Structure formats: C-alpha cells, structure tokens
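These notes are about the structure you will find just below.
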Amino acid sequence: MIAVTCRNGEHFSVDPDHIERIEHHGDTVLHLVDGTHYVVETSFDDVLRSISTARAGALAARAQLLNGYAAMPAAARLARRHGVVTTSAAD
C-alpha cells in the first residue's frame with residue numbers, strides 16, 4: 001500500500017497493483033483499474049518512488065518465504081524432506 005493525500009486533504013492508502021495509470025498535467029491523477037480516479041497532492045515522482053518502494057518491500061518479504069513457509073537453511077530443508085530428525089543442543 002502507498003499513502004497519498006487528495007487535493008481536498010483526505011489521506012488514504014492505495015494498493016499499487018490497482019493503479020492502472022498515473023497522469024501528470026499540473027495535477028497528479030491516479031486512475032485505478034475499477035475506473036475511479038483521484039487527484040492527489042503527491043508529486044508524480046513521489047508516487048512512482050512510493051510504488052517502487054512498496055514493490056521492493058513485497059519482493060523482499062517474498063524472498064524470505066519458500067513455498068509459503070519461512071525460509072530455512074538448505075541442510076535443514078533436505079533433512080526434513082528425507083525424514084531425518086534433528087535435535088537441538090538445548091534438548
């Protein structure tokens with residue numbers, strides 16, 4: 001999600017994946033895929049920067065997951081796959 005402010009002062013968040021296009025003709029206008037549009041105070045460049053940051057954060061979060069689970073070292077993944085039970089030093 002990215003935070004924007006409308007010209008009327010309303011603050012809200014928009015999912016960058018729902019933005020169809022952004023126009024800049026003096027005012028920055030966000031056009032969403034559902035047909036709604038918002039005139040925002042945020043500059044064109046700042047909107048693009050916010051979208052890039054949001055998508056980079058999402059990619060980084062996905063990189064921490066492997067098949068929907070938290071990433072673990074390769075040796076532990078292989079041991080789990082082959083049914084090897086490991087014990088921790090605390091046991």
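The values are calculated or read from the model by the stated rules, or taken from the named source; none is laboratory data. Because the structure is a prediction, the values reported are computed rather than measured. Positions of Cβ are backbone-derived with ideal geometry, glycine not excepted, and every protein chain shown enters the neighbour counts.
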Quiz item: What tally of residues in region 1-11 results from selecting those that are without any contact (Cβ under 8 Å) to a residue 24 or more places away in the chain and either surrounded by 15 or more Cβ atoms within 10 Å (Cβ to Cβ) or out of contact with any Ser or Thr (no Cβ under 6 Å at 6 or more places or on another chain) (or both)?
Solution: 3
Quiz item: Could you give every pair whose Cβ atoms fall below 9 Å, whose first residue belongs to region 46-63 and is on the phi < 0 side of the Ramachandran plot, and whose second residue is surrounded by fewer than 14 Cβ atoms within 10 Å (Cβ to Cβ) and assigned to a helix (DSSP H, G or I), counting only separations of at least 6 or pairs across chains?
Solution: 55/17
Exercise. Select from region 19-47 the residues that are surrounded by fewer than 12 Cβ atoms within 10 Å (Cβ to Cβ) and within 11 Å of residue 4 (Cβ to Cβ) and list them in ascending order.
Key: 43
Practice problem: Filter region 11-70 down to residues that are assigned to a strand (DSSP E or B) and polar (S, T, N, Q) and give me whichever is farthest from the chain's Cα centre (by Cα). | Solution: 28
Quiz item: Restricting the search to region 58-67, which residues are loosely packed, with under 11 Cβ neighbours inside 10 Å and of a type outside the set (D, E, K, R)?
Solution: 59, 60, 61, 63, 64, 65, 67
Practice problem: Could you grab the pairs with beta carbons closer than 9 Å, sequence gap of 6+ or different chains, first residue in region 15-44 and over 24 Å from residue 58 (Cα atoms) and free of Cβ contacts under 8 Å to residues at least 24 places away in the same chain, second one of a type outside the set (Lys, Arg) and assigned to a loop (DSSP other than H, G, I, E, B)? | Solution: 24/43; 27/41; 28/41; 28/42; 28/43
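Does residue 15 qualify as being out of contact with any helix residue (DSSP H, G or I) (no Cβ under 6 Å at 6 or more places or on another chain), exposed (fewer than 12 other Cβ atoms within 10 Å of the Cβ) and at pLDDT 95 or above? First the steps, then the outcome.
On the way: out of contact with any helix residue (DSSP H, G or I) (no Cβ under 6 Å at 6 or more places or on another chain): yes; exposed (fewer than 12 other Cβ atoms within 10 Å of the Cβ): yes; at pLDDT 95 or above: no.
So residue 15 does not fit the description; no.
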Quiz item: Could you say which residue among 21, 7, 62, 55 is at pLDDT 95 or above and of a type in the set (Lys, Arg)?
Solution: 21
